[in-house]
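Q: Pasting in a structure now, in structure tokens, and then I'll have a few things to ask.
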Ligand SMILES: Nc1ncnc2c1ncn2[C@@H]1O[C@H](COP(=O)(O)OP(=O)(O)O)[C@@H](O)[C@H]1O
Ligand SMILES: [Mg+2]
């Protein structure tokens, strides 16, 4: 039987104040699939992605990546799974005192040779995202939109099975948004699945992919469209 890349079962999150953010979340994602998580501000997109990326525990339910449950994984299994996933949090997780180059080199340093995206490819991403002249600049000196592109670049310099991106174009203008979407679609076509949170219905209409709508604590997910077509 084929193991899905990602299986989310009966996922529920209740914060300590007793607020249920989402309940009974359920879906599967295959290799090379693209899924939008579409929802308004406060719908629970970020907490859901953080939980799927293993940086937060659900109150109930399980997230299974490549056949291993994040809720039962040993420390070494967890380490192995995290290598297969790139997560771009909404707050980006950059270090303001380090340069763009430092971020990329540090990421590359932590990878095995078969996990490295070629430097020529990274240079291409830099160019497409208009970051070339910022290579040796500290992240703290960049604009919000530029920082967001650095966080994307860092995710793209690692070969992964899954990219979890939380509103990764939220601070970009129209032109840059579509350059980035084009990059992500190419990465998807190379076999990487993408879980993409957005509140932007217009984007979802323009670039048709499988959609999950997160509303009032429930996620309604479209049927799988099948691999790279999805
Ligand atoms: N760590 C937390 N503690 C308490 N409440 C939280 C926490 N994280 C998120 N929430 C609440 O959960 C709801 C969903 O937040 P979030 O997942 O950030 O939504 P979105 O990304 O869709 O805007 C919000 O009401 C928010 O206040
Ligand atoms: Mg959010």
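Q: Quick one: grab Rg to one decimal and Dmax as a whole number for the stretch 98-146, Cα atoms only, in Å.
A: 11.4, 33
Q: Also, I was wondering about something else. How high is the relative contact order of the chain, in percent, with contacts defined as C-alpha pairs under 8 Å that are six or more residues apart?
A: Normalised by residue count, the contact order of the chain is 32 percent.
Q: Compute the angle between helix 174-189 and the longest alpha-carbon principal axis of the chain, please, reported from 0 to 90 degrees and rounded to the nearest 10.
A: 70 degrees
Q: Once both labels are modelled 7 Å past Cα along the beta-carbon direction, what's the residue 207-residue 225 spacing in nm?
A: 1.2 nm
Q: If you don't mind, there's one more thing I want to ask. Relative to the present Cα-Cα distance, how much length would full extension add between residue 109 and residue 59 at 0.36 nm per residue of separation?
A: 14.5 nm
Q: A further question on this structure: Which order do 16, 133 fall in if you start with the one that has the fewest other Cβ atoms within 10 Å?
A: Starting with the residue having the fewest Cβ neighbours, the order is 16, 133.
Q: Now, a different point. From the C-alpha coordinates alone, can you work out the Kirkwood hydrodynamic radius of the stretch 179-229, in Å?
A: The Cα-based Kirkwood calculation yields 12.2 Å.
Q: Based only on other Cβ atoms within 10 Å, what is the fewest-to-most ordering of 65, 204?
A: 204, 65
Q: Rounded to the nearest 500, what is the chain's calculated 222 nm mean residue ellipticity when only DSSP H runs of at least 4 contribute -39500 (n - 2.57) each, over all residues?
A: -9500 deg cm²/dmol
Q: State the Kirkwood hydrodynamic radius of the chain in Å, one decimal place, computed from all pairs of distinct Cα atoms.
A: 18.1 Å is the Kirkwood radius here.
Q: Based on other C-beta atoms within 10 Å, arrange 15, 36 from fewest to most.
A: Least to most surrounded, the residues fall as 15, 36.
Q: Going 7 Å from the Cα of residue 98 in the Cα-to-Cβ direction, what parts of the stretch 154-170 have a backbone nitrogen less than 16 Å from that spot?
A: Answer for this model: 154-158.
Q: Could you work out which residue, out of 199, 124, 103, moves most in a Gaussian network model of the chain, that is, has the largest mean-square fluctuation with Cα springs under 10 Å?
A: 124
Q: Helix 144-156 sits at what angle to the longest principal axis of the chain, using alpha carbons and giving 0 to 90 degrees rounded to 10?
A: 80 degrees
Q: Modelling each spin label as a point 7 Å along the Cα-to-Cβ direction, I'd like the residue 15/residue 69 distance in nm, to one decimal.
A: 2.7 nm
Q: With r as the distance between the Cβ atoms of residue 171 and residue 137 and R0 = 22 Å, compute the FRET efficiency 1/(1 + (r/R0)^6) and round to 0.05.
A: Rounded to the nearest 0.05, the efficiency is 0.80.
Q: Using Cα atoms only, what is the angle between the long axis of helix 100-109 and the major principal axis of the chain, expressed in degrees (0 to 90) to the nearest 10?
A: It is inclined by approximately 60 degrees.
A short reminder: the numbers here are calculations on the coordinates, not readings from a lab. Just so you know, these numbers come straight off a predicted model, no measurement behind them. Glycine also receives a Cβ, built like all others from the backbone with ideal geometry; neighbour counts cover every protein chain displayed.
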